Amino acid sequence: MIGKKKKTAIGFLGVAMTAALSLTMLPSTASAVESDPSLDNLVMNKTVQLEDNGTYTINLEAYAKGQVSTETVKRVIPADIVLVLDQSGSMEESQIEGIPSDTYTEVTDSLTNGQVADGDYYYKVGDNYYPVTAERQTIGVETRWRGQDGNYYTEDQLSYSWSRKSDGMVYNTATPFVTSSLKTFTRDHSSFIGIQSFWYVNDIDENETSDSGISAARAREKFSDEYDISSTTVEFHNDGNPGDDTSNDDPYYVAAVYTAVTREEVRTYQYTYSYIDENGQQVIIGTSEGSDSDPCTVSPLYTRDTKDGERLDALKYAADRFIDSIRSSAIANDVDHRVAVVGFGSDEYQGQWNEYYYSNTELFIGANQYNYANGGRESTYNSYGNLAADHYDEAFQSVNTSQGYQNLQASADALAGYGATYPSLGLEMANGIYASNDNSYTTSDGTKEERSRIVVFLTDGEPGDTGYSATEAQNTINQVNITKNTYGATVYTVAVLDESPSDSRVDTFLKNTSSNGSYTLATSTEALDDFFQTVDEDINNTTTTVTLSEDSILVDRLSEYFTVPEDFSIDNNVTVQVARHTGYDAFANPTAAPDGVNAVLSTNADGTIRGVTVRGFNFVSDENLVTTDVSEGGSTIATGNKLVVTITGVLAKDEAATNTYIDTNLEQSGIWDTDEEGTYGMVKAFNMPTTRIAEKSYVLDYAKEAALDVFDTSANRLDSTSDSIFSEVGEAATSLTGTYGNSAVASSKLTYTPSTMNWNGYDTFYALGKDAAYGDSRTDNMWAKVNVIPANNVYYEDDFTTSTSSGTVGIEYTGTWTVDGTSSGNTETPNTEVHGGWQNGSLADDAQYSDGSAHVLQNGATATFTFTGTGVDVYSRTNMTTGYVAAQLYKGEDTTAAALSQYLVVDNKAESGDYYQIPTVSFTGLDHGTYTVKLTVAATSDGRSTYYLDGIRVYNPLSYEQEADSTVSGAYGDEVGAVFMEVRDILIDTANVDEDGTASLSGAVFLDKHGDNTEGTYSVGEYEAYGPKNEVYLAKGQAVAIATGSLDKISIGLKAPEGETEATVTNSVDISPIPISSASDLYYQVTANEQGFVVVQNTGDNLLAITKVKTSGTGELVSFSLADMLSYANEFDSLNVVDYTQEPSDEDQTVTEPSDPSDTEDGDVVIENPSETPDQDDAAQPENPITAWFNNLINGIKNLFGRW
């Protein structure tokens, strides 16, 4: 039986138990100070499981196998600290070594992450050196299985049970074991002659006979001798009735030997190294991934040199460090430490004019100094009522506040050395400060408690003026006794001396001033600094010995990433059970806990639930202590119980979606008990299971349904972020309506469909699904935070219409219209490498209408839509029957005349042929904002009155400021800051360049090979205005060359308006042919050569259209030498050909032979450009009927429409 611990604070228990059950009463740091072997006797395990309904279930198990006693950390109590500091003349006159200097030395040896995190290192910026700090965050958790033999095994090498050979009876083991290590032994009586011939054989290899004719008890001894119990486990079972060795129950005896394993978690961290600059801003200088023993990747780092100097300088340095350390500890432990500073020098001094003052004996508040006054007699040295006693009530400065911290730094800096050594005066001021300040504080649960009181007494010599003064020594000790006995303060004494005092009186004096009868001798700056750091540790890391007893409690505190719903309760969500021990750390199924073992909720000060506490289970009682023994007859004798606590319905907060592994509980979760003073301390902490809530972003460039591959197995339900927390839903939600689109789960697939053309932000929601790679190890369930973001250009189909039933806000049609064709059922391919690019398979194969259909509008019909961005293209079909369309652009959503910004009138007639997806209406170069476009169809004088609306593309729906959002920029990658330029706007041909080979230009050069040039040499061509004015159409052999400079990413918009063709483009030092089969305008990324040139050449048989150049960054094209560009263009055909998706070759790769120039044909395409009016700045337009307006307009400016 385990003996009970003597209680010395019984009266405390009734009050403290309730307080202990509130987790706010526990220390913020609750791990054992160092590993105690007896902790192995307390077996604990915590698991967290994500359920199918999106809530988490916590399971905690614990049992004791023997006595447990450990040194643990107490709760940190707020402290009132008074620094009583010697600032006599000798502090300034005497020297001390090791004062940090203003010089630094570079560290040339390799440093580990742990060394940098724990050491004092500096980072150099210009001429300044900044202390380096290291923060670490868990980014991965690897589970390892460590065998008793010291080796590590994988999970597929393990088993959790073994079976008896004779009848297959299964025995579950308390811990997993290495499958290959298993040996089982059975008492064999199948071929015996007489009862004494029982024997044991190895079940794995029947030829291996262990022994014969021995008893069960002897066999147990034999196995224990034969197998090393430090590296193997031996199990014995007798499933029959207990009996002696010769009873008929012996055949049921069975044994097993195996190597047991224990589960270990190996965490990988991301270390972030930073410093605080002179503006108080954190500056990150690098990161590392790995463990404390892995190399730190930040270099160079420096150490600070030291020098000899005045003791006072060493005191200032150490005091500053102490203040910093106390502040850091206070913030980390969430306590309010307060510090006051007093300095002592001389006793009462009478000046030549009978003035009285106390030289250098004063109270510091910031840089202000308030002089000591004795016996009520005012000192005239520090006049105007500025006496120390008048300011005792404001002496304490909170280290948690910026003002308090700055005041303490200023006080330390204001220390000055002169005068004699009268420490009694400094201690008298300390006592006055304690008398003037209430030392009570209120805990987070509303309990009133007392602050601890600490005095740090520092002196450098004998008390008195010159030589040792017994009177001053006694006066000092009298004040120390008041400090200790009246105010309950602990006094730490440090003597700053070159060596131990030779005068025994001084040694005795120093010992008598300290609470523990000893003092610290500081002969160097390092020793003085160590003393102050020790005081800090004593204040913030008070340790005590805690022994497992009847007062034990189980505590589980949720981490900051988790919470519980409002209806959470003990009855509904917490189950407390016990499991009976069946032997060898195996347990029966748990049943209800006995009376007296129950759970209570632990709350914050505001009443919110932060965890659960279970009390009443005595782990070491005769009933519960887990033991296993074997009777002489071989029967297993098992005693004890395991405590099992299950908590359901736990929810993850929005803050949990970090995309990294997060802890599910705080360090205070564990088994707690009381020390001899009745104060609760942790016996042993629970393991800290982790979970990961993924964050995934999807960029959409096509406003169609997109399948989101959030999970590798299946999606189950959705949840909104409107309440910033995952809400518990009894019935899984399968659809959500967002601001810009709708998400849905169907057939285990997650989809998102945009619902507005005014897509000027992004939707965020949560999804729950199953993911074998990253999900819960038991259920595969995983939460994911999903962001759906518009690309830098988004294509909308003609059927993206405003609908009250579906909630879509898009195009609104009026008048006479029909639909030509049938939807092909296009879908979106999210996260393509190039926004609006060729990787969107649905658009890439649309040779005519995009998605197979278009709206056909007749005379007087309108189409209106609102968008946000910097530009818009409206795609149409053009042939000999299409007529006029007027396009009006309004600022905002107001479509009155006052809001009119621009209008265009376009004749959509094509003189020959039938062409699809032509951007006949385009508004570009707009300031980012919201605009409304209204299209109105009108008949021409020859009766053409048809307009086809096939699709709409919006450019830059998010502003550059929105793209700076970390979510957006992370998803966009190198597509951030896209600038779109119409190639036609920057086209250079013979009409605007004098081709003398010396021109310095900026733009896109149209290149042509003339039919009479048998060499096929490129020169600046005369562009014949083949296509619409906002596209450049190339016949076979024609090309466009662009100088891109050093832009990181360049994409070219290409399309095939009259059937499949081929474009050959620059691919670094190579060239790549690209088949172009889509009438849709799609972007293709190109890589410039080393001069920054890109050539796009039509090498197909049909027309090739070049629409826009898209760049990232500034979007500015560089100037170039025309001669250099032509030189590259005329080498173009001879360059090495590689696949478009292949990496470009090295510079020295051989090239293919040039092709026969006679293969290139001149083009002769008759497509004229659509007409448009100039921009209209005057908003006051006549509001006549549209037909009359068109007729008047056409009659007046008919000749302007010759651009087809």
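Derivation of every value follows stated rules applied to the coordinates shown; laboratory data play no part. Only a predicted model underlies this, so the values are computations on that prediction, with no experimental measurement involved. Don't worry about glycine lacking a Cβ; one is built from the backbone with ideal geometry, like all the others, and counts go over all protein chains shown.
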Would you mind computing, in nm to one decimal, how far apart the modelled labels at N172 and A707 are, each placed 7 Å from Cα along Cα→Cβ?
4.1 nm
If you take the charge dipole of segment 793-946 about its Cα centre, with +1 on Lys and Arg Cβ and -1 on Asp and Glu Cβ, which of Y875, G815, S842 is farthest toward its positive end?
G815
Under a point spin-label approximation (7 Å from Cα along Cα-to-Cβ), what is the Y468-I482 distance to one decimal in nm?
2.5 nm
If you stretched the chain out fully between E142 and D629, how much longer would it get, using 0.36 nm times the residue separation minus the C-alpha to C-alpha distance?
171.7 nm
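By average Cβ neighbour count within 10 Å, what is the ranking of 766-772, 269-275, 813-819 from highest down? Intermediate results must be reported in sequence, preceding the final value.
Working: 766-772: 21.7, 269-275: 19.4, 813-819: 13.7.
Listed from highest to lowest mean packing, they are 766-772, 269-275, 813-819.
How big is D, in µm² s⁻¹, for segment 694-962 by Stokes-Einstein at 4 °C and 1.567 mPa s if Rh is the Kirkwood radius over C-alpha pairs?
On the way: Rh = 19.8 Å.
Rounded to a whole number, D works out at 65 µm²/s.
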Cβ-defined net charge surrounding P830, 12 Å radius [Lys, Arg +1; Asp, Glu -1]
-3
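Could you order peptides 661-670, 924-933, 528-537 by the average number of other Cβ atoms within 10 Å of their residues, highest first?
Details: 661-670: 22.9, 924-933: 16.3, 528-537: 19.7.
Packing order, densest peptide first, comes out as 661-670, 528-537, 924-933.
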Stretchable slack from R267 to T779, in nm (0.36 nm times residue separation minus alpha-carbon distance)
182.1 nm
For the ranges 1089-1097, 1061-1069, 101-109, what's the packing order if you count other beta-carbon atoms within 10 Å of each residue, average per peptide, and put the highest first?
1061-1069, 1089-1097, 101-109
Need one number: nm distance between label points at E911 and D622, each 7 Å from Cα along Cα→Cβ, rounded to one decimal.
11.3 nm
Whole-Hz Karplus ³J(HN,Hα) for segment 485-491, in order, using 6.51 cos²θ - 1.76 cosθ + 1.60 and θ = phi - 60°, x for Gly and Pro?
8, 7, 9, x, 8, 9, 10
Quick check: residue separation of T47 and E677 times 0.36 nm, minus the Cα distance between them. What number comes out in nm?
223.5 nm
Work out the FRET efficiency for L182 and D294 from their Cβ-Cβ distance, taking R0 = 41 Å, and round it to the nearest 0.05.
0.65
